[in-house]
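These notes are about the structure you will find just below.
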C-alpha cells in the first residue's frame with residue numbers, strides 16, 4: 001500500500017467512522033430511553049450490533065470500488081472506523097451527561113439496585129456483606145464521577161471494544177467479490 005492509498009484509506013475510514021458513530025449515538029439514545037421503556041432499549045441493542053455489520057459492508061465497498069485490501073489492511077481500516085466512531089460518540093455522550101441527563105441515569109440505577117431481585121442477587125454474589133451498604137457506596141461513587149470522567153471511561157471502553165470488533169468487521173469486509181484490476185490504484 002503506497003502513501004496515497006493509505007491517505008485514501010484514512011479518509012474513507014473517517015467518513016465511515018462518522019456513519020458508525022451516528023449509529024452508536026442513535027443506539028445510545030435508544031438505550032437511555034430504554035431505561036424506562038425496555039422494548040426501546042432492545043432497538044438500541046440491535047442498532048449497535050448492526051453497526052458492526054455496516055462497518056464491514058463499508059469496508060467491502062471500499063475494497064470493491066477504491067482499493068483491494070488484504071486482511072491486515074482491512075483490520076486497520078476497521079480499527080480506524082471504530083476509533084473515529086468512538087470519538088464522535090464521546091462528544092455526544094459528554095453533551096448528554098453534561099447538559100441533558102440531570103441525574104436520570106443515576107436515579108434509574110439507584111432504583112434498580114433497590115429492587116428486591118437486585119438486592120437478592122447482590123447478597124448471593126457477596127455473602128456476608130450488607131447489600132444495602134454496598135448499594136449506597138456504589139451510588140455515592142457514581143455521584144462523584146463528573147461528566148468528563150464518565151465520558152472518558154466510555155471512550156476507553158469503546159476504543160477497546162472497537163479494537164476487538166475490528167477482527168470480525170475486517171472478515172465481513174473481505175468476504176464477497178474483490179476488484180480484479182489494479183490499474184485504477186490512486
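Worth a mention:
- Yes/no for residue 28 being surrounded by 15 or more Cβ atoms within 10 Å (Cβ to Cβ), farther than 25 Å from residue 149 by Cβ and out of contact with any strand residue (DSSP E or B) (no Cβ under 8 Å at 6 or more places or on another chain): no
Here is a yes/no grid of residues against (1) out of contact with any helix residue (DSSP H, G or I) (no Cβ under 9 Å at 6 or more places or on another chain); (2) exposed (fewer than 15 other Cβ atoms within 10 Å of the Cβ); (3) farther than 30 Å from residue 65 by Cα; (4) in contact (Cβ under 8 Å) with a residue 12 or more places away in the chain:
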| site | (1), (2), (3), (4) |
| --- | --- |
| 111 | yes, yes, yes, no |
| 124 | yes, yes, yes, no |
| 127 | yes, yes, yes, no |
| 132 | no, yes, yes, yes |
| 141 | yes, yes, yes, no |
| 166 | no, no, no, yes |
| 173 | no, no, no, yes |
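- Unmet requirement for residue 52, which otherwise passes all of (1) in contact with a helix residue (DSSP H, G or I) (Cβ under 6 Å, 6 or more places away or on another chain); (2) modelled with pLDDT of 95 or more; (3) closer than 21 Å to residue 100 by Cα: (3)
- When the stretch 143-155 is limited to residues that are in a helix (DSSP H, G or I) and surrounded by fewer than 12 Cβ atoms within 10 Å (Cβ to Cβ), the one that is nearest to the chain's Cα centre (by Cα) turns out to be 149.
- When each of 60, 37 is tested for being out of contact with any strand residue (DSSP E or B) (no Cβ under 9 Å at 6 or more places or on another chain) and in contact (Cβ under 8 Å) with a residue 12 or more places away in the chain, the lone residue that passes is 60.
- Single residue of the stretch 40-82 satisfying the filter (surrounded by 14 or more Cβ atoms within 10 Å (Cβ to Cβ) and outside any helix (DSSP H, G or I)) that is nearest to the chain's Cα centre (by Cα): 69
- Flag if residue 96 is surrounded by 12 or more Cβ atoms within 10 Å (Cβ to Cβ), out of contact with any strand residue (DSSP E or B) (no Cβ under 8 Å at 6 or more places or on another chain) and in a helix (DSSP H, G or I): yes
- From the list 18, 11, the one residue that fits, being at pLDDT 95 or above, out of contact with any helix residue (DSSP H, G or I) (no Cβ under 9 Å at 6 or more places or on another chain) and part of a helix (DSSP H, G or I), is 11.
The values are calculated or read from the model by the stated rules, or taken from the named source; none is laboratory data. Being a predicted model, the structure only gives us computed values, none of them experimental. For neighbour counting, all protein chains shown are included, and Cβ atoms are generated from backbone atoms with ideal geometry for every residue, glycine included.
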